[in-house]
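Coordinate-derived values only; no laboratory data. Keep in mind that this is a model prediction, so the values were computed, not measured. Glycine gets a Cβ as well: all are built from the backbone with ideal geometry, and neighbour counts include every protein chain shown.
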Amino acid sequence: TVTWVLLLFGGGMTIGNIIGGRLADWKLMPTVIGTLLMLALLLVGFAEFGAIAAVAVFIVFLWGLLVFVIVPPLQIRVVEAASEAPNLAATLNQGAFNIGNAAGAWVGGVALSLGVSYANLPLVGAALALLAVAVAV
């Protein structure tokens, strides 16, 4: 079962990357902010309805989609800002994504050690998404 759910997550990531590229060409920063807000709402929904298997599977698909909708606009923004060294900026952007993955796992671990339940852990992710909105604005 886990294999199929991960496959759906990956499918969501692929579709999200395509959608993100198109949205980034249309409206860059509104795509970033809107995606982060939708991600925060999705994670709140995951905390609320994640115990229902069918709903959780659908949320995992949407989660994969949303986390990759945001990648192309962020990549474009970084490359445009670093016009003299776009290749270097692109590699640093990927490094920043990896740091974000590690930091998110660390924050989740700290939250668990402070007594946040696994069921409420998505709320921590939602708070981080809202923090990212504040940074983006």
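Looking at the range 1-30, I want the residues that are on the phi < 0 side of the Ramachandran plot and have a partner that is aliphatic (A, V, I, L, M) and outside any helix (DSSP H, G or I) with Cβ atoms under 9 Å, at least 6 apart or on another chain. Which pairs are those?
Close Cβ pairs (under 9 Å, with a partner that is aliphatic (A, V, I, L, M) and outside any helix (DSSP H, G or I)) amount to GLY16/ILE70; GLY20/ILE70; MET29/VAL137.
Does THR35 satisfy the condition of being surrounded by 15 or more Cβ atoms within 10 Å (Cβ to Cβ), of a type in the set (Ser, Thr, Tyr) and either assigned to a helix (DSSP H, G or I) or touching a strand residue (DSSP E or B) at 6+ places or on another chain (Cβ under 8 Å) (or both)?
So THR35 fits the description; yes.
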